1. Can you give the FRET efficiency for Leu300 and Glu473, using 1/(1 + (r/R0)^6), R0 = 41 Å, r = Cβ-Cβ distance, to the nearest 0.05?
2. So how much slack lies between Ala208 and Phe331, counting 0.36 nm per residue of separation and subtracting their Cα-Cα distance, in nm?
3. Would you mind calculating the gained length between Thr237 and Ala497 on full extension (0.36 nm times residue separation, minus the Cα-Cα distance), in nm to one decimal?
4. What whole-number distance in Å separates the alpha-carbon centres of the range 192-260 and the range 38-58?
5. For Met444, Met210, Met341, give me the order by solvent-accessible area with a 1.4 Å probe, most accessible first, ignoring ligands, DNA and RNA.
6. With a bin width of 5 angstrom, please list the P(r) values of the range 295-463 as percents of all Cα-Cα pairs, from the 0 bin to the one holding the largest distance.
7. So how exposed is Glu473, as accessible area in Å² (1.4 Å probe, rounded to 10)?
8. Just tell me which lysines come within less than 23 Å, Cα to Cα, of Lys166; anything on the same chain fewer than 8 places away is out.
Amino acid sequence: MNKSLLWLLCCCLLLSCNDQGELLLQYFNTGNLPATYFTIDTNRDTLLTTARGAVIRIPKGAIKGKSSQVRLAIKEAYDASEIMLAGLHTRSNGKLLSSGGMISIQAADGDAEIVQPVGVSLPSNNYEADMKLFRGEWDKDSMINWTDPQPLIPDQPLIDRLARGKMVFNTNCAPCHHPTKDATGPPLVFLSQRRSKEWTLGFIYNSAAMIASGDPLANCIYNKWNKTAMTAFPALTHEELDDMFRYLDQVSKNLNPADYPDVAAGLDSCRAYYNARAALERRRNAQIEDNGPDMKHVFLDTGTHPFDAPENLVAPKRANSVQYSFTITTFGWYNIDAFAMNLPGFEPANLKVSLAGVHTGHTNIWLVIPSAKVCVDGGLLKGEDKVYGFYTDDGQLSLPLGKQAYVLAFTEKDGQILFGRTAFTTAKNNELQLVPAPASRENMKQMIDYMDLQDLSVTVAPAKNIDTLQRIEAQLKAIEQLKPKGQRCDCLPYDPAAYPNAAGNAF
Ligand code: HEC
């Protein structure tokens, strides 16, 4: 036996103690006790339960051997006769320690030493409140020398602590929580895997304060559970809650975490995804802005005249072009001054066009009356979100009556041109409906040519930055892969402003 290797963890109830607090045990011979052998991987935390019910927790790295596989021989003695057999003696007064138990852990073969504390919990019926933990070392005469007695409190028997944890749970939490099933509140298994301890303690001590502080996770869970208030537990100690977490860990041990998917583990991945997305969206917006407006009206001669416009003119809304830009070119046509100047043959009338099926705020809508050379773009009427007019925001204008007229609508969505047109004969009151539909560039051109608008032409061309924008769109699709699978990001609502420094990818 290599002297330097043997450590003993002995939980003893001290019956007699010498004045100097010197260690009482002189020597013992563990050769009389049967050993149980365990091979452990020292790179991992290990929890061993012996046949006699002791629980030994060996943290990662606590035992150092030549390789990471170390074989341990564990010996246990719990009653007086076993302890006698093992040769336990007190040194100063010859009195035997009444031992709560003795456990010896040593390397079974090869070199290995314990370099960090190893936790030992005795079977609960061997536990006494005033036990102390001793460390035994062989001295040069092969005598055991007990040193460094430690109170056992910080390392109470696991079994007791589990029992207490279960009791804490049953008394305080079980009225609303089932460990594994939905109840008034959510199941709590895998709690320590899913949530940081700090967050969990904060929630248990005062969930209302956490929700009020705007914590996204707390708010999300609260909303998911229909804003049911959870009791606050300011009186539970950290120790009691630690035991309860331990109990939940134990319940969780044999369950599959995949059956309890949750958002917390996904929060970081959600952030990574949002960060990439915010960067791309910022780039995309800059390109779109740089493209300029999606619709231009080119007057080949300036047939317009200054006039006093009423205050309540409709205002055409221009979006910036994403992939296409539309141009209307006219020669010698009237814009809104046709209505303002009351040209001969024009009479007060009403014209309202409602658009369906498109995001109307970004739709360009035009009224064309070829015989009067009127080509005017429209805007939303007052208080409306899809009804358009072409002069004042109540739908009033002057019209030459009984003439062939058209309303045209242009927009794009997801790289697709949407185009609509409707033909009508002008009357005093005109109420029209228009549904723009997907169209190719050729399609749209054919439909416009068919109307025979003479010297008015409409062209559609790729937007200035179409290539870059298409690449960004493809990347935006690709980064959907970054979105955590099987987990929802709905506890972390997307707010691009929260990722102001996200760097864009190089193109
Ligand atoms: C009165 C009912 C009630 C009691 C008692 C109660 N809870 Fe809750 N608990 C809830 C509800 C409801 C939720 C869901 C969130 C919300 O509505 O605030 C919740 C949520 C939680 C959460 C967050 C769950 C998650 O997925 O992160 C934890 C942790 C929690 N409770 C722990 C406890 C513990 C520990 C106890 C006992 C000490 C306890 N609760 C007692 C009702 C209760």
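1. After rounding to 0.05, the efficiency reads 0.70.
2. Between Ala208 and Phe331, full extension yields 37.4 nm more.
3. 89.6 nm
4. 29
5. Largest accessible area first, the residues go Met341, Met210, Met444.
6. 2, 9, 19, 23, 22, 16, 7, 2, 0
7. That residue has around 50 Å² of solvent-accessible surface.
8. Answer for Lys166, where 23 Å is the Cα cut-off: Lys181, Lys197, Lys253, listed by chain and number.
The values are calculated or read from the model by the stated rules, or taken from the named source; none is laboratory data. None of these values were measured; they are calculated from a predicted model. Using ideal geometry, Cβ is built from the backbone for each residue, glycine included, and neighbour counts are taken over all protein chains shown. Accessible surface areas use protein heavy atoms only, side chains included; no ligands, DNA or RNA. Shrake-Rupley method; radii C 1.70, N 1.55, O 1.52, S 1.80 Å.
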